[in-house]
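Working notes, beginning with the structure itself.
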Amino acid sequence: MFMGIMTGGANANLIVYLIQKFGMKSIDAAQVSNIVNGCINLTPVVGAIIADSYFGCFSIVAVASSIAFLGVLLFTLTASLPSLRPHQCTNATTTASCGGSGPSTSQIAVLYLALGLIVIGGGGSRFTNATLGADQFSTARDQDVFFNWYFVVFYVSSIIGSTVIVYIEDNVGWGLGLGICAAVNAAAVVVFLMGKRFYRVTEVAGSPFTGLARVVVASVVKWGVDEEGAEYYYGSKLDGGGTPSQSFRFFNRAAIQVKGDTNPDGTVAKPWRLATVEQVEDLKALIKIFPLWSSSPLLSITIGIQLSMTVLQALKMDRHIGGTFSIPPGSVTIGSLASVALTLPLLDRAVYPAFQRYMGRAPNPLQRIGAGHILNFIGMAGSALVERARLRSGPAHLTSVLWLLPPLVVVGVGEALHFPGQVGLYYQEFPEALRGTSTAMISLIVAIGFYMSTAVVGFVRRTTGWLPDNIDAGRVDKVYWMLAVVGMINFCYYVVCARLYKYQNKNKEEVGSEASDTLST
């Protein structure tokens, strides 16, 4: 909860901070924000790999959250000390337009160092913390429920950061708002460490990635080995019957024992020439799930572009409610966060049980993810219609910022379906030794999405006139239509992947899905 508040408060208003305090142009600020969002969703993958291979989840969460505190503290100083930011413009949008020289190299260096520490710390603890929480439960059903409620807390904390903290930043002071972020981060570290003796901590037996690499190497080395009548290596397990599955048969060679592969006591003599059957099957499981995973980054690309463009649209719209209160531009995106936070409990307590009563089973993860795809491109189409209406009204008649909310809500409901669905699917379908990495895979999707959204925006700027610095002179609506069309095509690809996929983990039945379930639409 506390880490979510810190990340939301420091990141949700970043575009506005860069424009107002560092004099960046609007599209450039949006690009920086996308890169930061990409990084903060990439670091959980690194943290998860290190946790799975060496130190375990608890140590990574403790160290990462401490690093995040240093980052947000330094970020607070950039807002509090005039020497750490460029000359303040009073009657202009950018520093250049009021005669300033822009931020110095040292000021940019401090800013980027602060953001980098927040990225490493806030991102590094995010999904490793989710894995640590899921490890406290023994059944797939309990783990699935945990992930749903984990994301409820995650989004609620993000809403608090994006509303309360952002309001303080915009109306009271950036130093106070970011200082509160530093305080709640410190509280998060203290509370987490106090609970150490209550956690069930999984011991790390060594890097599972080394075993997977050995499968690839051993398969290549034993290219010409005949599988007919071969004896397979099962390691220390007593199960010596059966043979590896026939899918991706090339990798089965890695588990074939030939003379000299093992010592007299049964241990492996040449580790890079022999892998266990379990390691072979683990690699196959990852290969089988990859097509499904590959259909997901586009969801994050569309969401990343929508969020950054929404902030820029809000700056050009009427943000007043009741004549006096003005919605901060960085808070507009809470429409998406709030819809996720409200939809998740509704799905868990009402929709899924009702679906099970009438259909005989709860919707499986593939169906939930597919529904999320559909709502995502519908939301993009809605954003296109709203932007077209805004452009037609003209700058003399400002459109209410509240019109931005319906498309955000639609995308948020879709996110409530596909986001936890993917985390639960990967956690239960990945090899047990890669549980930490499995939850971080969704973070990798988000990271790729934000990086690619930066690349897409850059490409659109270079090849079209849709995204000038002044979006009133551009065609953001065409960008949204482009995203909607590409999303529909990507959904078709997802349907093909989902229909071909077979659940590997029989425990999936515990959460209402049969092993042979595929997407039905």
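The values are calculated or read from the model by the stated rules, or taken from the named source; none is laboratory data. Predicted model, so just to flag it, every value in this text is computed and none were measured. Cβ sites come from the backbone with ideal geometry, for glycine too, and all protein chains shown count toward neighbours. These area figures cover heavy atoms from the full protein model, side chains too; ligands, DNA and RNA do not enter into them. Shrake-Rupley method; radii C 1.70, N 1.55, O 1.52, S 1.80 Å.
For the chain, the square roots of the Cα gyration tensor eigenvalues, ordered a ≥ b ≥ c, give a/c of at least 1.5 with a/b greater than b/c, which places it in the prolate category.
Between His87 and Glu432, the simple label model (points 7 Å from Cα in the Cβ direction) yields a spacing of 6.6 nm.
I need the peptides 144-154, 421-431 ranked by packing, meaning the mean over residues of other C-beta atoms within 10 angstrom, with the highest value on top. Before the final figure, lay out the partial values.
On the way: 144-154: 19.3, 421-431: 24.3.
Averaged packing, sorted descending, gives the order 421-431, 144-154.
Hey, how many Å between the Cα centroid of the range 145-173 and the Cα centroid of the range 269-315? Rounded to whole Å, the Cα centres lie 26 Å apart.
Computed from the C-beta positions of Trp223 and Thr324 and an R0 of 56 Å, the FRET efficiency is 0.15 to the nearest 0.05. With a simple spin-label model that places each label point 7 Å from the Cα along the Cα-to-Cβ direction, the separation between Thr463 and Ser59 comes to 4.7 nm.
Straightening the chain between Thr267 and Ser207 buys 19.8 nm, computed as 0.36 nm per residue apart minus the Cα-Cα spacing. Charge tally around Met482: other residues with Cβ under 15 Å, Lys/Arg +1 each, Asp/Glu -1 each, net +3.
Under the rule a/c < 1.5 gives rounded, and otherwise a/b versus b/c splits prolate from oblate, where does the range 326-440 land using the Cα gyration tensor?
Values: a/c = 2.70, a/b = 2.04, b/c = 1.32.
Verdict is prolate for the range 326-440.
The residues of the chain present an accessible area of 43 Å² per residue when probed at 1.4 Å with all protein chains retained. Among the lysines of the chain, pairs at least eight places apart or on separate chains and with Cα atoms under 17 Å apart come to 9.
Based on the reciprocal of the average 1/r between different C-alpha atoms, the Kirkwood radius for the range 185-338 equals 20.9 Å.
How do 220-229, 341-350, 34-43 rank on mean C-beta neighbours within 10 Å, highest first?
On the way: 220-229: 11.0, 341-350: 16.8, 34-43: 23.2.
Ranked from most to least packed, the peptides come out as 34-43, 341-350, 220-229.
The packing ranking, built from the mean of other Cβ atoms within 10 Å per residue, places the peptides 266-279, 178-191 in the order 178-191, 266-279, highest first.
Scanning the chain for DSSP H helices at least 27 Å long along the axis (C-alpha atoms) with a Kyte-Doolittle mean no lower than 1.0 picks out 26-50, 56-80, 174-194, 297-315, 476-500. The apolar share of the surface of the chain, taken as the fraction of accessible area on carbon and sulfur atoms (1.4 Å probe, ligands and nucleic acids excluded), comes to 64 percent.
Using 20 Å as the cut-off for backbone N distance, which residues of the range 1-44 belong to the label zone defined by a point 7 Å from the Cα of Asn470 along Cα→Cβ? Within reach of a label on Asn470, which here means backbone N under 20 Å from a point 7 Å along Cα→Cβ, the range 1-44 contributes 19-20, 23-30. Projected label points at Leu193 and Ser245, each 7 Å from Cα along the beta carbon direction, are separated by 4.4 nanometres. Dipole check for the chain: with +1 at the C-beta of Lys and Arg, -1 at the C-beta of Asp and Glu, and the Cα centre as origin, the magnitude is about 780 Debye.
Based on the Stokes-Einstein relation at 25 °C and a viscosity of 0.890 mPa s, and on the Kirkwood radius from alpha carbon pairs, the range 451-509 is assigned a translational diffusion coefficient of 172 µm²/s.
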